[in-house]
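Asker: Got a structure here, written out as structure tokens. Questions coming.
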Amino acid sequence: MQLIPKLLALAQGHEPMKTGRDVGHRLSDPDRVLARLDAFVSAYGARATLYEMWSSHSALFELMLLLFDRSEFLAEVAIRTPDLVDELMLSGHLQKRKAAAIILDELRHGARDKDQRLWLRRYHQSELMRVGLRDILGLADYDQNFDELSALADACLQYTLEIVTRKHKLKSPPFAIIGWGKLGGAELNYGSDLDITFVAPNGVKQLPKLQKLAVEVMDLLSSPTELGVAFETDARLRPDGEKGLLVNTLAAYDEYYRRRAALWEIQSLTRTRFIAGETRVGEQFQQLASTLTNFSKRSAVIAFTPDWKQQIANMRARIEKERTPPGQDALAIKTGRGGLMDAEFVAQLFCLAHGKHEPNTLLALQRAAEEGMLNQEDAQQLIENYRRLRRVEAVLRRWSFAGETVLPEDPAPLYRVAIRCGFTSSDEFMSALTQWRGAIRGVYKKVFA
């Protein structure tokens, strides 16, 4: 009876939240929250204990309501493991920011577990809940949130490689793991795949055996279990895509990129980062990537032509046309006009044109401003509005933990996304999006003019 008025007040936005970022915001879907609350209470079992805890820790009760409203995926995890949220909240773990080294050390505590797949998934779910709650509570801004999700991926890749190396009684990892895209830029979002490639040293023996080891690494992270997967892994960015070897030598990568790679593949090299494994090979690959993507000099790749900048602009135009759902440009926050990809292409253009290897989009844009490629006003417009769009994307993907980049077309779910993004109506939300994207497209057009 003490808790019901709090629920009703929060449902209508009449009671300020005590938990951080969502101060003054109301629940976007009170009916669904109530249904989730009922399922959680049933799963918890000891109702009297639960109600007493919520009454004495009102912030914990408010957190549960926000959790059920802000993320369907995390709500399901909480119902499946009902003591996880209060343990994280009451133990103080939500206040801690973890780097990859700390996460890796914690993962190693389970190295003797007989079922490494389940151990990885149990730990992964616990960390996703911690990161997600820090996000929902405003204990971490979105840049920190992307850092922590990327750190979790880095540590899981390193740990998995250690498990496979030890299983096959090898003295050291036989290859380097390179991250691409959002993983390469250390800006993973909820539900992001891990784009990776495996690079072996030149002169390595038993290259066919290394293919099997790479498969084991990916399988440990991506094979389905009763707890789902840890991370989906994708190695299709390797030379020749799915037709190419899963693991190849550094010399083979060098030969491919110089003689056969398309321009978009060279552009992708601007977003690579050594993640785990053989350090010397990883560093050599990154040096190769820096050399091949330096278009400030005449690059030694066949894809380099005098009109390379126009080709990249044409590529962006094709993506906008072919990957944006017909008639839904206003909802396509990634591929549409003024979407996330506009800012990403500007960042990658800077890296290519000035010979800078900076896989993180925001850092690349900041460097572009510092080094005069963007004037301060354009840089501020681009960076601020790119950050805003990334926040919307994070809110959208936090709900389902899937790679969503298009806002819902139906009014009801669109309204719920607007509320979760801090707006009072869908119209206000869409008006702000139009302004943000218009500013991004304006700078994009200047850069690619």
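The values are calculated or read from the model by the stated rules, or taken from the named source; none is laboratory data. Remember, predicted model here, so these are calculated numbers, not experimental data. Positions of Cβ are generated from backbone atoms using ideal geometry, with glycine treated the same way; all protein chains shown enter the neighbour counts. Heads up: the accessible areas ignore ligands, DNA and RNA and are worked out on the full protein's heavy atoms, side chains in. Shrake-Rupley method; radii C 1.70, N 1.55, O 1.52, S 1.80 Å.
Asker: Round to a whole angstrom and tell me the spacing of the C-alpha centers of region 149-184 and region 286-333.
Answerer: Each part reduced to its Cα centre gives a spacing of 29 Å.
Asker: When the Kirkwood hydrodynamic radius is evaluated over all pairs of different C-alpha atoms of region 326-449, what value in angstrom, to one decimal, is obtained?
Answerer: Details: mean 1/r = 0.0668 Å⁻¹.
Hydrodynamic radius (Kirkwood, Cα pairs) of region 326-449 is 15.0 Å.
Asker: Among [x] 38; [y] 53; [z] 32, only one was calculated for this model; which label is it, if the read-out is percent of Cα pairs over 34 Å apart?
Answerer: Structure-derived value, by its label: [x].
Asker: Can I ask one more? Gain in length, residue 323 to residue 371, computed as 0.36 nm per residue apart minus the alpha-carbon separation, to one decimal in nm?
Answerer: Numbers: separation 48, 0.36 × 48 = 17.28 nm, distance 3.27 nm.
Working it through step by step, the gained length comes to 14.0 nm.
Asker: So what's the back-of-envelope 222 nm ellipticity for the chain, counting only DSSP H runs of four-plus at -39500 (n - 2.57) apiece and dividing by all residues, rounded to 500? Display every interim value, and only then the final one.
Answerer: Details: 20 runs with 267 residues, N = 449.
One gets -19000 deg cm²/dmol as the mean residue ellipticity at 222 nm.
Asker: Let me ask something else about it. Taking the Cα centre of the chain as origin, work out the dipole magnitude from +1 charges on Lys and Arg Cβ and -1 charges on Asp and Glu Cβ, in debye rounded to 20.
Answerer: Working: 60 positive and 58 negative charges, 266 e Å.
For this selection, approximately 1280 debye.
Asker: Identify all aspartates and glutamates with a Cα-Cα distance to residue 171 below 14 Å; exclude those on the same chain that are fewer than 8 residues away in sequence.
Answerer: 162, 278
Asker: Given H placed on each backbone N at 1.01 Å, which residues far from residue 194 in sequence or on other chains put an amide H within less than 5 Å of it?
Answerer: 232, 233, 234
Asker: Continuing with this model, one more query. Express in whole angstrom the spacing between the alpha-carbon centres of region 78-112 and region 228-285.
Answerer: Answer, in whole Å: 32.
Asker: Right, here's the next one. Given an 8 Å cut-off on Cα distances and at least 6 residues of separation, report the relative contact order of the chain as a percent. Mind dumping the intermediate values first?
Answerer: On the way: 652 pairs, mean separation 65.8, N = 449.
Averaging sequence separation for qualifying contacts and normalising by length gives 15 percent for the chain.
Asker: Ignoring ligands, DNA and RNA, what percent of the accessible area of the chain is carbon or sulfur (1.4 Å)? Intermediate values should be presented prior to the final figure.
Answerer: On the way: 10040 of 19560 Å².
Roughly 51 percent, rounded to a whole number.
Asker: Just subtract the alpha-carbon distance of residue 42 and residue 80 from 0.36 nm times their residue separation and send over the number in nm, one decimal. Mind dumping the intermediate values first?
Answerer: Details: separation 38, 0.36 × 38 = 13.68 nm, distance 1.08 nm.
Between residue 42 and residue 80, full extension yields 12.6 nm more.
Asker: Longest span of the chain, sites excluded, free of GluC sites (Glu not before Pro) in DSSP loop with at most 12 other C-beta atoms within 10 Å?
Answerer: Working: sites that count: 226, 371, 409.
It works out to 1-225.
Asker: Of the cross-linked pairs 182/212; 98/212; 356/446; 114/243, which ones have a Cα-Cα span greater than 23 Å in the structure shown?
Answerer: Over 23 Å apart, Cα to Cα: 182/212; 98/212; 114/243.
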